[in-house]
Structure formats: C-alpha cells, structure tokens
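Engineer: Before I ask anything, here is the structure I am working with.
The values are calculated or read from the model by the stated rules, or taken from the named source; none is laboratory data. For clarity, every value in this text was computed on a predicted model and none was experimentally measured. All Cβ positions, even for glycine, are placed from backbone atoms using ideal geometry, and neighbour counts span all protein chains on display. Each accessible area value is taken on the protein alone, full model and side chains, heavy atoms only, with ligands, DNA and RNA left out. Shrake-Rupley method; radii C 1.70, N 1.55, O 1.52, S 1.80 Å.
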Amino acid sequence: MTAARPPLRAVIADDQALVRTGFKMILAADGIEVTAEAADGAEAVAAVRRTRPDVVLMDIRMPEMDGIEATRRILANDDRQETRVVILTTYDLDHYVYAALTAGASGFLLKDVTPERLVAALHLVRSGDALLAPSITRRLIERFARHDEPQTVAPHRDLSGLTPRELEVLRLLATGLSNAELASRLFLSPTTVKTHVGRILSKLDLRDRVQAVVFAYETGLIAPGGGA
C-alpha cells in the first residue's frame, strides 16, 4: 500500500492583504497548508527559508523587493530543488513573466484564476510538472528574448553531457511539442520520451520542462522564431 503524500504546503506573497486572504481561503478549503504570508519579496525569501514550503505563489510587482528578485534568491538557495515558484500576474504575457521564468519560476497564473485552476496548478507543480505548456513558454520567450540581455544560464550547465538523441528531444521540446507529439515525431513510445525528458532535466540540473525550454533558447540550441 502506497503511503499518502503529506499535505501540500504553500507561501503566499502579495502586497495586497485582501488578495492574500482570498488565496489563503481557497487553498485552505482544499487542505493546502499556508505556512506563511508575505507582503514583499524580502518577506517571501525569509518565509521560504523559515518554513520550506512546496510551492510559493509569488506576485511580481511588490515594494522593496519584487517577485522576480525574490524568486531568484529563493531558488538560488534551494540546492535540493524542493520548492517551486508560481508567478501571479495581472496581465497575460506581461514582459515580467519572461524574466521570472529565466529566474527559475515553474510557470505563471493570472490573478483572476478560478479556485479550481489555482488548486490544480499548485498540485501540478509540486509533482514536478511545468504549469505552462511548452508552446506557451515558447511564445513568451520568442516575444521577449533579446540577445543583448544578460545570460542567466549557470556556467556549469552545457550541452556536452547530452546524447545526440537527448539533444534532439530537447530541441523539439523547445519548439512546443508535447510528449505525445515527440513520441510521434521520433517514432518512440511515450514512456521512452518521458525517460529522455527526465534524463535531460537531471543532467542539466533543471526543475521542469519550462526551464528546459528557456535553457534551449539561452544556449542557442534553438533561436527565437526557429521551428522543429
């Protein structure tokens, strides 16, 4: 008999108290434990260090320290890669979202998200999946990626450790293909594709598929506007 997973634990970071209260009520109704609330990025970083949640709901625009810098600091100190950050934003395809993804966020939600979608999203990212479909991530990157922006890929990460097949999978993944589409394109089983994707993430020390797409663009494996 498989042991039940412990309740999901979350930190809510938003400078509006009413927003935090609303999200907390939604999460509590599903049995999700809110370990802390934060009104700015610095408080969020401290709350994560103190309570070690599974997921952080992170607003982008906050005083003192914004959500992007808070995300960067939280994930830089998370050597075991146990915490996921989900960005909250008011505007779809906000240019801040790209910066948040390159800082290590696992996806984003609009603030008018339904309660059901919010709860499902947190469980999804805790399981290690990306909240954004690769095609959506690709659209964000192609819109906002600039060659003159500072490189955010850690210097120890490179492509030399990947096999030719893994490079092929990563390149296609970055164009927005799902596992099923990858399997069809490469004449592989979905299980084999899932194994390849898992090995790619492990070798490159990446959290999820979103980060794999970002990595593929920032290393030049695929260029904005490039196709499969």
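One line per residue, one yes/no per condition, for (1) of a type in the set (Ser, Thr, Tyr); (2) under 25 Å from residue 116 (Cβ atoms); (3) modelled with pLDDT of 95 or more:
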residue: 3; (1), (2), (3): no, no, no
residue: 19; (1), (2), (3): no, yes, no
residue: 30; (1), (2), (3): no, yes, no
residue: 42; (1), (2), (3): no, no, yes
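Engineer: OK, next. For residue 56, are the conditions met, namely being closer than 21 Å to residue 120 by Cβ and surrounded by fewer than 23 Cβ atoms within 10 Å (Cβ to Cβ)? Don't jump to the end; show me each part of the working.
Structural biologist: On the way: closer than 21 Å to residue 120 by Cβ: yes; surrounded by fewer than 23 Cβ atoms within 10 Å (Cβ to Cβ): no.
No.
Engineer: Just a yes or no: is a residue in the stretch 112-120 under 15 Å from the mean Cα position of the chain (by Cα) and modelled with pLDDT of 70 or more? Before you say what the answer is, go through the steps one by one.
Structural biologist: If we filter the stretch 112-120 for residues that are under 15 Å from the mean Cα position of the chain (by Cα), which is where we start, we get 118, 120.
Next cut, modelled with pLDDT of 70 or more only: 118, 120.
Yes, the conditions are met somewhere in the stretch 112-120.
Engineer: What about residue 160, is it modelled with pLDDT of 80 or more and farther than 26 Å from residue 75 by Cα? It would help to see each step written out before you state the result.
Structural biologist: Details: modelled with pLDDT of 80 or more: yes; farther than 26 Å from residue 75 by Cα: no.
Here the answer is no, as residue 160 does not meet what is asked.
Engineer: Further, regarding this structure: Identify, please: which residue in the stretch 173-213 is of a type in the set (A, V, I, L, M, F, W, C) and over 19 Å from residue 163 (Cα atoms) and is, among those, farthest from the chain's Cα centre (by Cα)?
Structural biologist: Initially, the stretch 173-213 is screened for residues of a type in the set (A, V, I, L, M, F, W, C), giving 173-174, 177, 180, 182-183, 186-188, 193, 197, 200-201, 204, 206, 210, 212-213.
Now drop any that are not over 19 Å from residue 163 (Cα atoms), which leaves 177, 180, 210.
Values: 177: 17, 180: 21, 210: 6 Å.
If we take residues in the stretch 173-213 being of a type in the set (A, V, I, L, M, F, W, C) and over 19 Å from residue 163 (Cα atoms), then 180 is farthest from the chain's Cα centre (by Cα).
Engineer: For the condition at pLDDT 85 or above, in contact with a Lys or Arg (Cβ under 7 Å, 6 or more places away or on another chain) and under 22 Å from residue 86 (Cα atoms), what is the one hit in 204, 172? Working first, answer last.
Structural biologist: On the way: 172 fails: under 22 Å from residue 86 (Cα atoms).
The unique qualifying residue is 204.
Engineer: Just one of (1) within 21 Å of residue 199 (Cα to Cα); (2) open to solvent by 20 Å² or more (accessible area, probe 1.4 Å); (3) modelled with pLDDT of 70 or more trips up residue 104, so point out which.
Structural biologist: (2)
Engineer: Output the residues belonging to the stretch 84-94 that are open to solvent by 10 Å² or more (accessible area, probe 1.4 Å) and under 16 Å from residue 10 (Cβ atoms). Before the answer, list the steps.
Structural biologist: Filtering the stretch 84-94 for residues open to solvent by 10 Å² or more (accessible area, probe 1.4 Å) gives 84, 90-94.
84, the sole residue that qualifies.
Engineer: On to the next question. Filter the stretch 17-31 down to the residues that are open to solvent by 40 Å² or more (accessible area, probe 1.4 Å) and among the charged types (D, E, K, R), then identify the one that is farthest from residue 53 (Cα to Cα). Give the steps one after another, and end with the answer.
Structural biologist: First, the residues of the stretch 17-31 that are open to solvent by 40 Å² or more (accessible area, probe 1.4 Å): 17-18, 21, 24-26, 28-31.
If we keep only those that are among the charged types (D, E, K, R) too, we end up with 24, 30.
Numbers: 24: 14, 30: 16 Å.
Of everything passing the filter in the stretch 17-31, 30 is farthest from residue 53 (Cα to Cα).
Engineer: Then there is this: Search the stretch 165-185 for residues that are open to solvent by 10 Å² or more (accessible area, probe 1.4 Å) and pair each with any residue that is polar (S, T, N, Q) when their beta-carbon atoms are under 6 Å apart and the residues are at least 6 apart or on different chains.
Structural biologist: If the second residue must be polar (S, T, N, Q), the pairs left are 176/135.
Engineer: So which of 34, 11 is among the β-branched types (Val, Ile, Thr), in contact with a Leu (Cβ under 8 Å, 6 or more places away or on another chain) and either on the phi > 0 side of the Ramachandran plot or open to solvent by less than 10 Å² (accessible area, probe 1.4 Å) (or both)? It would help to see each step written out before you state the result.
Structural biologist: Working: 34 fails: either on the phi > 0 side of the Ramachandran plot or open to solvent by less than 10 Å² (accessible area, probe 1.4 Å) (or both).
Sole residue among the options that is among the β-branched types (Val, Ile, Thr), in contact with a Leu (Cβ under 8 Å, 6 or more places away or on another chain) and either on the phi > 0 side of the Ramachandran plot or open to solvent by less than 10 Å² (accessible area, probe 1.4 Å) (or both): 11.
Engineer: Next question. Residues in the stretch 32-53: is at least one under 25 Å from residue 217 (Cβ atoms), without any contact (Cβ under 8 Å) to a residue 60 or more places away in the chain and of a type in the set (Gly, Ala, Ser)?
Structural biologist: We begin by selecting, within the stretch 32-53, every residue under 25 Å from residue 217 (Cβ atoms); these are none.
No, because not a single residue in the stretch 32-53 is under 25 Å from residue 217 (Cβ atoms), without any contact (Cβ under 8 Å) to a residue 60 or more places away in the chain and of a type in the set (Gly, Ala, Ser).
Engineer: Can you tell me which residue among 97, 113 is part of a helix (DSSP H, G or I) and open to solvent by less than 30 Å² (accessible area, probe 1.4 Å)? Let's see the steps before the verdict.
Structural biologist: On the way: 113 fails: part of a helix (DSSP H, G or I).
97 is the lone residue from the list that is part of a helix (DSSP H, G or I) and open to solvent by less than 30 Å² (accessible area, probe 1.4 Å).
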